[in-house]
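Read the structure below first, then the notes.
The values are calculated or read from the model by the stated rules, or taken from the named source; none is laboratory data. Here the structure is a predicted model, which means the values were calculated and not measured. Methodologically, a virtual Cβ is constructed for each residue, glycine included, from the backbone with ideal geometry; neighbour enumeration extends over all protein chains shown. For accessibility, only protein heavy atoms count, side chains too; no ligands or nucleic acids. Shrake-Rupley method; radii C 1.70, N 1.55, O 1.52, S 1.80 Å.
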Amino acid sequence: MAKLFTHRLRVRYSECDQQGVVFNGHYLFYYDVALTELWRDVIGASESTVVDGADLVVAETRIVYRLGARFDQLLDIEMPITHLGTTSMIVRPVFKIGERLIAEGEVRHVFVDPATHSKKEMPTRVRAALQPYTAAG
């Protein structure tokens, strides 16, 4: 069974729209925060990957909104990794408040050379660190 990384954050007032719910664009920001914390916890500082000659860029995103999170609620972002390819990885974030599903999606990342921005193979140490968090999607 794969490990599941979850990051919790509290919704801030400034992130809510006129309807009193989190503005839809913030969910990708929340995802990015959760990915940064996953990376820090499992691999180390993201700069270390760049120093090693690889960077990670977003190639595709999709989010399905179910309910709106509101100010001051604790939002859990589950980060199941469903694919580790040769040059890419897919994460399917799940946004929840308690057991209530708020949103879910899919983000495909591609590893690139930081200097040329051309695709490159996922570093071996990154693959080894992420493998325990990978489940079939």
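Restricting segment 88-137 to residues that are of a type in the set (Lys, Arg) and touching a residue at least 40 places away in the same chain (Cβ under 8 Å) leaves a set whose member that is farthest from residue 25 (Cα to Cα) is 125. Within segment 42-68, the set of residues being at pLDDT 85 or above, touching a strand residue (DSSP E or B) at 6+ places or on another chain (Cβ under 9 Å), farther than 17 Å from residue 24 by Cα and surrounded by fewer than 16 Cβ atoms within 10 Å (Cβ to Cβ) comprises 57, 58, 59.
Residue 84: open to solvent by less than 40 Å² (accessible area, probe 1.4 Å), in contact with a His (Cβ under 8 Å, 6 or more places away or on another chain) and modelled with pLDDT of 95 or more, yes or no?
Working: open to solvent by less than 40 Å² (accessible area, probe 1.4 Å): yes; in contact with a His (Cβ under 8 Å, 6 or more places away or on another chain): no; modelled with pLDDT of 95 or more: yes.
Judged against the criteria, residue 84 is not a match.
So in segment 6-21, with the set limited to residues that are open to solvent by less than 30 Å² (accessible area, probe 1.4 Å) and in contact (Cβ under 8 Å) with a residue 60 or more places away in the chain, which one is nearest to the chain's Cα centre (by Cα)? The selected residue is 9.
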